[in-house]
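Asker: If you scroll down you'll find the structure; I have some questions about it.
The values are calculated or read from the model by the stated rules, or taken from the named source; none is laboratory data. What you are looking at is a predicted structure, and each value in this text was computed from that prediction instead of being measured. Every residue, glycine among them, receives a Cβ derived from its backbone with ideal geometry; neighbour counts consider all protein chains shown. Calculation scope for accessible area: heavy atoms of the full protein, side chains included, ligands and nucleic acids excluded. Shrake-Rupley method; radii C 1.70, N 1.55, O 1.52, S 1.80 Å.
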Amino acid sequence: VAEPAPHDPQVEARARISSRYGLEPETLDGALLHDVEIEAIIAAVQARPGGSFLVFGCGTDSRLWERVNTAGRTVFLEHHPQWAGDVAASIQSEVILVSYWTQRAQWADLLDQPERLVMDLPPSVRDHQWDVVFVDGPTGFDDSTPGRMQSIFEASRLVSAGGMVFVHDCERPVEAAYSTVYLGSDRRSISVWGHALLNGYSF
């Protein structure tokens, strides 16, 4: 008698997500987020069919984010040239190379200086109101990285009325502080723990 297949909750959860949202199972293979984080973002995007989805940061999960919004427009903003090039070669959505002038060590000094957080964004991004914005970049794991001060600030300006902003790693001081100041704790409508804390803000 054959041994039963081992129980893998993560595999089962991703199979359920694939089925619920009409995705090929392999679409989720590169996703680093936990299934509860993934599902929260997918639900917000698919609740706005044909909408626009702006992602700060790109990587192995970019194909997933493109796939969940096939009827709409998806754009990725990435500061690392090699990552931007590699992802751009593997998906159909636009990947725009951007620059961050900050370092995470500056976060407390910059918190109340919005005029210093403005990014140089092309009109195709700046002049559009985005239905869903996901802040998963730039890197912000130590004081030598850019930190997410500018991306969270810009997300607050780029999201449309009725839209959603998601911020990953909100258990970290920078993400928590900037989300509170620029997105508003009163707008937080989603908070899920997976591999990290993902908060969603309704506008």
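Asker: Out of all the residues in segment 64-79, is one or more assigned to a loop (DSSP other than H, G, I, E, B), closer than 30 Å to Leu23 by Cα and touching an Asp or Glu at 6+ places or on another chain (Cβ under 8 Å)?
Answerer: Yes, segment 64-79 contains a residue that is assigned to a loop (DSSP other than H, G, I, E, B), closer than 30 Å to Leu23 by Cα and touching an Asp or Glu at 6+ places or on another chain (Cβ under 8 Å).
Asker: Hey, Ser93 hits all of (1) at pLDDT 95 or above; (2) over 23 Å from Cys170 (Cβ atoms); (3) surrounded by fewer than 16 Cβ atoms within 10 Å (Cβ to Cβ) but one; which does it fall short on?
Answerer: Result: Ser93 fails condition (3) only.
Asker: Kindly provide the set of residues from segment 175-198 that are modelled with pLDDT of 95 or more, outside any helix (DSSP H, G or I) and not charged (D, E, K, R), ordered by number. Break it down stepwise before answering.
Answerer: First, the residues of segment 175-198 that are modelled with pLDDT of 95 or more: 175-193, 196-198.
Add one more test, that the residue is outside any helix (DSSP H, G or I), and what stays is 188-193, 196-198.
Within segment 175-198, Ser189, Ile190, Ser191, Val192, Trp193, Ala196, Leu197, Leu198 qualify.
Asker: Shifting gears a bit: If Gly85 satisfies all but one of (1) free of Cβ contacts under 8 Å to residues at least 60 places away in the same chain; (2) in contact with a helix residue (DSSP H, G or I) (Cβ under 8 Å, 6 or more places away or on another chain), what's the number of the condition it fails?
Answerer: (2)
Asker: So which residues in segment 17-67 are under 17 Å from Gly137 (Cα atoms), of a type outside the set (A, V, I, L, M, F, W, C) and either in contact with a strand residue (DSSP E or B) (Cβ under 7 Å, 6 or more places away or on another chain) or open to solvent by less than 10 Å² (accessible area, probe 1.4 Å) (or both)?
Answerer: Those that are under 17 Å from Gly137 (Cα atoms), of a type outside the set (A, V, I, L, M, F, W, C) and either in contact with a strand residue (DSSP E or B) (Cβ under 7 Å, 6 or more places away or on another chain) or open to solvent by less than 10 Å² (accessible area, probe 1.4 Å) (or both): Glu37, Gly57, Ser62, Glu66.
Asker: Looking at segment 90-117, which of its residues are assigned to a helix (DSSP H, G or I), within 21 Å of the chain's Cα centre (by Cα) and farther than 14 Å from Ser179 by Cα?
Answerer: Residue satisfying the conditions is Arg104 alone.
Asker: Right, something else. Collect the residues in segment 9-43 that are outside any loop (DSSP other than H, G, I, E, B) and under 12 Å from the mean Cα position of the chain (by Cα), keeping them in residue-number order. Before the answer, list the steps.
Answerer: At the first step, the residues of segment 9-43 found to be outside any loop (DSSP other than H, G, I, E, B) are 9-21, 25-28, 35-43.
Listed by number, the residues that qualify are Glu37, Ile38, Ala40, Ile41, Ile42.
Asker: Conditions first: (1) surrounded by fewer than 14 Cβ atoms within 10 Å (Cβ to Cβ); (2) not in a loop (DSSP other than H, G, I, E, B). Ser156 passes all but one, so which condition is the exception?
Answerer: Single failed check for Ser156: (1).
Asker: Next question, about the same structure. Only one of Ala161, Ala177, Ala196 is over 19 Å from Ile96 (Cβ atoms), in contact (Cβ under 8 Å) with a residue 40 or more places away in the chain and open to solvent by less than 10 Å² (accessible area, probe 1.4 Å); which?
Answerer: Ala196
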